[in-house]
Amino acid sequence: MGEQDRGFHADRIRVSYWDALGNETVRYFAANLPDEEIPDTIDCPSSGLPAGRDKENPPSVVKLEPYKTHLAYVKERRTEEEAESLLEEALQQLRVRRGKLSATN
């Protein structure tokens, strides 16, 4: 049971992409697909870097964002005064729930 027994096999083209580390990734596209519909860049599955069709000039990473913690994002949005106010409100609500303060204090 070969390929002839499995139905029509569409013509396709092989497109190679390279990342900055020299990794080659191959993608196959329909042969009748216009060239402008074939992507110029993809994400390389082995490195996660962008990969382009030009082996000599692979795309570079646009910008490396350093990892930020949740606290770093919060500090970008809040001033120290806002943070202290929010913390005090949260502690007040917690004390009320635990019965250490009445709701009127």
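Quick rundown of the values:
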quantity	calculated
Length released on extending from Glu80 to Ala20, taking residue separation times 0.36 nm less the Cα-Cα span	17.4 nm
Options Ala51, Val74, Val15, ranked by Cα towards positive dipole end of the chain, top entry (Cβ charges)	Val74
Hz values of 3J(HN,Hα) by residue in the stretch 40-50 - Karplus curve (6.51, -1.76, 1.60), Gly and Pro given as x	6, 9, 9, 8, 5, x, 8, 10, x, 7, x
Residue-wise HN-Hα coupling along the stretch 77-87, computed from phi with Karplus coefficients 6.51, -1.76, 1.60 (Hz; x: Gly, Pro)	9, 10, 8, 4, 5, 5, 5, 5, 5, 5, 5
Using θ = phi - 60° and Karplus 6.51 cos²θ - 1.76 cosθ + 1.60, couplings along the stretch 20-32 (whole Hz; Gly, Pro as x)	5, 8, x, 5, 9, 10, 10, 10, 10, 10, 4, 5, 8
Förster-model FRET efficiency, 30 Å R0, Tyr28 and Val62, C-beta, rounded to 0.05	0.65
Computed label-point distance, nm, for sites Arg6 and Arg97 using a 7 Å Cα→Cβ extension	5.8 nm
Electrostatic dipole magnitude of the chain [Cβ: Lys, Arg +1; Asp, Glu -1; Cα centre; debye, to 20]	780 debye
At most 14 other Cβ within 10 Å, DSSP loop - trypsin sites (Lys or Arg not before Pro), the stretch 46-83	Lys55, Lys63, Lys68, Arg78
Sparse-neighbourhood loop sites, chymotrypsin sites (Phe, Trp or Tyr not before Pro) in the chain - DSSP loop, at most 16 other Cβ within 10 angstrom	Phe8, Tyr67
For the chain, the spread of Cα positions along each principal axis, largest first, Å	82, 39, 23
Built amide H within the under 5 Å cut-off of Arg12, gap 5+	Ala31
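No value in this document is a laboratory result; all are computed from the given coordinates. Just so it is clear, the structure is predicted and the values come from calculations on it, not from any experiment. Ideal geometry is used to build each Cβ from the backbone, glycine not excepted, and the neighbour counts take in all protein chains shown.
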